[in-house]
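Peer 1: Encoded as structure tokens, here's the structure I'll be asking about.
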């Protein structure tokens, strides 16, 4: 078979000069003003395109009335709500730069991100105010706060900020502002700074131009075949790109309806899909597995769900998941905040097990290279994914305020992802591992990701992290340790027996440790460095010692 590629990505907005959220919202407000664009069931609120643009113009005017200028950064640190969405959209309509910060951050994590962004304004939930006061001078660049009322004492939070020397008001002051003439952002202008998780060092702020933010959304439109008739549900935090430019923004590009909930609930997931007549949604990481492990119900198929963007797709349960919930298509892609997704799975096309997708050749150049030499590896061999855009403003501008990190990542005119992938003869790409997480045992390369997927298949396992620990024999290189979180008591030997026949014998872990929780970054990524530092503990099961 000839090499295959992903084809057919045709932008909804043909002119790249119009690739801004400002233009997209105004276009739909003019074309279909009474169509609902935003639905927050827990608040009991909906917003039409016309209502949303009107509200966002007022919020943007409120920022500018406070002295904001085009290009100023606005920090958003708040839980999911319609107010978060409208504030984010308002930054786009006001040519400002959205800087979402993880709601778990405090102390050094918060201090570092404020130092990177150098923002002048902030919108925060009331119960987070004391964290900002605690970082002191790091927050002094913020000239004014607008505080959201979550029921935790908004008036007291506003007063506390004022007592400590900041200007502060209730968030509603923004939406009550008199409209002013607003500057218009261009596709090449900075639209947002999204932070990486910082698993190996301080998090980096990815500088995303409006054109890239639009194109990331356009990729999801193409992946899931979104139209104005679709309703897209997101349950992930709005400070993550998964919820913003990979869920809400795509359905807005298509002119459809975004449903935003406060958080993911495995037990209520299919109810939320049904209640809001959701046609498309996404599941990230273990969410698909969590939903699958809920007790089956007679009404699981009683929904209008058409497609699920599952990244990564749990291939071992994919067919059964589609059948159980009556889903037409599961789609996947592979990319990074820095690059969009240059690898995409065609809608409705059967994929080889474990494949992420095909190269979107019209829009991205990609190669798999030897990470030491940057020379391309042969088909079938594992190499580091490197990416560069074919068209301007579809990848990030680098890391905000970190030129040395930008140069390090963009060497030899390619963005180096740090991810190990393999390509087969038909053109399908398979994620193997992060290079820093890769294992080598007795001459065999092992994907921690593939071992984790096998262990996660066990009914009692809800989370799993696989790492390499030093082998105790010469030239053994690594031994495999699986650290798991279980929903019920489970024997380590039972987990290892489960792995037999699902992964090669050399990849089956020697060690298993069952823990109450995995160490994580504030953005919920597993801190494998911490697990490696712990090594083999007294409560670690050793299969060779039995």
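Peer 1: For residue 31, indicate whether it is more than 21 Å from residue 214 (Cα to Cα) and touching a residue at least 12 places away in the same chain (Cβ under 8 Å).
Peer 2: no
Peer 1: Given the options 252, 270, name the one that is in a helix (DSSP H, G or I), over 25 Å from residue 76 (Cα atoms) and either at pLDDT 95 or above or outside the structural domain of residue 309 (by TED's automatic domain parsing) (or both). So that I can check it myself, show each step before the final result.
Peer 2: Numbers: 252 fails: over 25 Å from residue 76 (Cα atoms).
That would be 270, the only listed residue that is in a helix (DSSP H, G or I), over 25 Å from residue 76 (Cα atoms) and either at pLDDT 95 or above or outside the structural domain of residue 309 (by TED's automatic domain parsing) (or both).
Peer 1: Inside the range 410-440, can you point out the residues that are more than 19 Å from the chain's Cα centre (by Cα) and surrounded by fewer than 18 Cβ atoms within 10 Å (Cβ to Cβ)?
Peer 2: Once the filter is applied, which keeps residues that are more than 19 Å from the chain's Cα centre (by Cα) and surrounded by fewer than 18 Cβ atoms within 10 Å (Cβ to Cβ), the range 410-440 yields 411, 412, 413, 424, 425, 426, 435, 436, 438, 440.
Peer 1: Return a yes/no flag: does the range 52-65 have any residue that is at pLDDT 95 or above, over 30 Å from residue 365 (Cβ atoms) and either in a loop (DSSP other than H, G, I, E, B) or in the same structural domain as residue 356 (by TED's automatic domain parsing) (or both). Full working, then the answer.
Peer 2: Initial filter on the range 52-65 (at pLDDT 95 or above): 52-65.
This time we only want the ones that are over 30 Å from residue 365 (Cβ atoms), so: 52-65.
With either in a loop (DSSP other than H, G, I, E, B) or in the same structural domain as residue 356 (by TED's automatic domain parsing) (or both) added as a condition, the list becomes none.
No, that holds for no residue.
Here is a yes/no grid of residues against (1) outside the structural domain of residue 69 (by TED's automatic domain parsing); (2) in a helix (DSSP H, G or I); (3) surrounded by fewer than 19 Cβ atoms within 10 Å (Cβ to Cβ):
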position: 85; (1), (2), (3): no, yes, no
position: 99; (1), (2), (3): no, no, no
position: 104; (1), (2), (3): no, no, yes
position: 109; (1), (2), (3): no, yes, no
position: 116; (1), (2), (3): no, yes, no
position: 122; (1), (2), (3): no, no, no
position: 138; (1), (2), (3): no, yes, yes
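Peer 1: Got a number for residues in the range 373-393 being free of Cβ contacts under 8 Å to residues at least 24 places away in the same chain and not in a strand (DSSP E or B)?
Peer 2: 4
Peer 1: Name the residues in the range 140-163 that are more than 30 Å from residue 403 (Cβ to Cβ) and in a loop (DSSP other than H, G, I, E, B), would you?
Peer 2: Once the filter is applied, which keeps residues that are more than 30 Å from residue 403 (Cβ to Cβ) and in a loop (DSSP other than H, G, I, E, B), the range 140-163 yields 149, 150, 151, 152, 153.
Peer 1: Go through the residues of the range 50-73 one by one and say whether even a single one is within 26 Å of the chain's Cα centre (by Cα), farther than 30 Å from residue 134 by Cβ, surrounded by 18 or more Cβ atoms within 10 Å (Cβ to Cβ) and free of Cβ contacts under 8 Å to residues at least 40 places away in the same chain.
Peer 2: Looking through the range 50-73, at least one residue is within 26 Å of the chain's Cα centre (by Cα), farther than 30 Å from residue 134 by Cβ, surrounded by 18 or more Cβ atoms within 10 Å (Cβ to Cβ) and free of Cβ contacts under 8 Å to residues at least 40 places away in the same chain.
Peer 1: A further question on this structure: Specify the residue that is surrounded by the most Cβ atoms within 10 Å (Cβ to Cβ); the eligible residues are those in the range 168-191 that are in contact with a helix residue (DSSP H, G or I) (Cβ under 8 Å, 6 or more places away or on another chain) and without any contact (Cβ under 8 Å) to a residue 40 or more places away in the chain.
Peer 2: Looking at residues that are in contact with a helix residue (DSSP H, G or I) (Cβ under 8 Å, 6 or more places away or on another chain) and without any contact (Cβ under 8 Å) to a residue 40 or more places away in the chain, I get 168.
Peer 1: Also, quick follow-up: Of the residues that make up the range 220-233, is at least one closer than 22 Å to residue 264 by Cβ, in a strand (DSSP E or B) and touching a helix residue (DSSP H, G or I) at 6+ places or on another chain (Cβ under 7 Å)? Can you show your working first?
Peer 2: Step one: filter the range 220-233 for residues closer than 22 Å to residue 264 by Cβ, giving 220, 223-224, 226, 230-233.
Next, only the ones that are in a strand (DSSP E or B) stay: 231-233.
Those still in the list that are touching a helix residue (DSSP H, G or I) at 6+ places or on another chain (Cβ under 7 Å) too: 232-233.
Yes, some residue in the range 220-233 is closer than 22 Å to residue 264 by Cβ, in a strand (DSSP E or B) and touching a helix residue (DSSP H, G or I) at 6+ places or on another chain (Cβ under 7 Å).
Per-residue answers, yes or no, for (1) touching a strand residue (DSSP E or B) at 6+ places or on another chain (Cβ under 8 Å); (2) at positive phi:
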site	(1), (2)
479	yes, no
485	yes, no
503	no, no
506	yes, no
520	yes, no
524	no, yes
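Peer 1: Could you check the range 523-542 and list, in sequence order, the residues that are in a helix (DSSP H, G or I), surrounded by 14 or more Cβ atoms within 10 Å (Cβ to Cβ) and free of Cβ contacts under 8 Å to residues at least 60 places away in the same chain?
Peer 2: Hits for the range 523-542 are 530, 534.
The values are calculated or read from the model by the stated rules, or taken from the named source; none is laboratory data. Everything numeric in this text was worked out from a predicted model, so none of it was measured. Neighbour counts run over all protein chains shown; Cβ positions are idealised from the backbone, glycine included.
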